[in-house]
Amino acid sequence: MQQSQIMEDKIISAVRTFASSINSGSKVVADMSELIEVTSQLSLSGFDYWERIIRSEFSLAIRESIPPKWKVWSKPKELVTWLDLISWDGYKREKALRALSGAAPNTFFFSLAVRRLNDWVPQVRKAAREKLPEIASLTDPEYVVEALSVALSNWNSWGRIEEADKEVLLEIVCEKEIAKSLRSKLIISASGPMPSLFSQLGRTPMLDGNIEEIARSAIQPSVRAKAYPAYLKGGLLGSKAENGCGLI
């Protein structure tokens, strides 16, 4: 069996286990442990595919695990879960964003929240703008950095994201620990969309004072090639950009 099929089977199994725990009536909080473990193994490069698989399987599993009508009286109060962020129902996606509290459990789930900035429902995008900074502040910086690296490198292909949405991501980038990790990632990453990430981070002043190090030490030649002209000019234009973040 191909590796991708094995992973898909694991995802489906974890989603169904999670859905069953929601409707079991025996738990106040749904059991996400298996789902967190398996999604932690997923590459963000295939995010669209995995999001579609999880959405479809979760929707089907929830319908199949609803108790019989004669047991409705014992059904626990409806839970709002992280997977509601990708519900077919825009109202549920918005409700999930506003109701969820605490840290995202891994990079995959934080990415689910980030991608709501490109949601086709304006109210969902508004909720994402309002809640993402809070979620990011509580989430492991490593998860945030991995998710933002992909998002910032690809947001030009997002057809619905607006400047206000981009500003939210750039504000998160300005957080001290996030900025430090992103600068390190630009230098030590041997692969990935680091040149594109460098260009997007240039909209902020977070790279100022670190351009020489990036120009001299970045593993990817294309990152060094982008950094050298900025270094020779004495810094990035990001510190003068109207849509950048404040000084770190």
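Numerical summary
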item: Amide H contacts of SER189 (H built 1.01 Å from N, under 5 Å, at least 5 apart or other chain); result: ILE219
item: Simple spin-label estimate for TRP88 and TRP158 in nanometres, 7 Å along Cα-Cβ; result: 2.5
item: Under Karplus coefficients 6.51, -1.76 and 1.60, residue-wise ³J(HN,Hα) of segment 102-113 in Hz, glycine/proline x; result: x, 7, 5, x, 6, 4, 4, 6, 5, 5, 4, 5
item: Note, ³J(HN,Hα) from phi for segment 131-144, Karplus 6.51, -1.76, 1.60, rounded to Hz, x at Gly and Pro; result: 9, 4, x, 5, 4, 4, 5, 9, 8, 3, x, 4, 5, 5
item: Cα-centred dipole magnitude for the chain, charges only on beta-carbon of K, R (+1) and D, E (-1), debye, nearest 20; result: 380
item: Efficiency of FRET between ILE188 and GLU37 - r from beta-carbon atoms, R0 25 angstrom, step 0.05; result: 0.40
item: Equivalent ellipsoid semi-axes, the chain, via Cα gyration tensor eigenvalues times 5, rooted, Å; result: 38, 19, 14
item: Anchor LYS10: aspartates and glutamates whose Cα lies under 13 Å away (excluding residues fewer than 8 positions away in-chain); result: GLU34, GLU37, GLU57
item: Charge-dipole axis of the chain as Lys and Arg at +1 and Asp and Glu at -1 on Cβ define it, positive-most pick from LEU97, VAL121, LEU170; result: VAL121
item: Taking the chain and dividing mean pair separation by its residue count, relative contact order in percent (alpha carbons under 8 Å, at least six apart); result: 13
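No lab work stands behind these numbers, since they all come straight from the coordinates. Remember, predicted model here, so these are calculated numbers, not experimental data. Cβ coordinates were reconstructed from backbone atoms using ideal geometry, including for glycine residues, and neighbour counts include every protein chain displayed.
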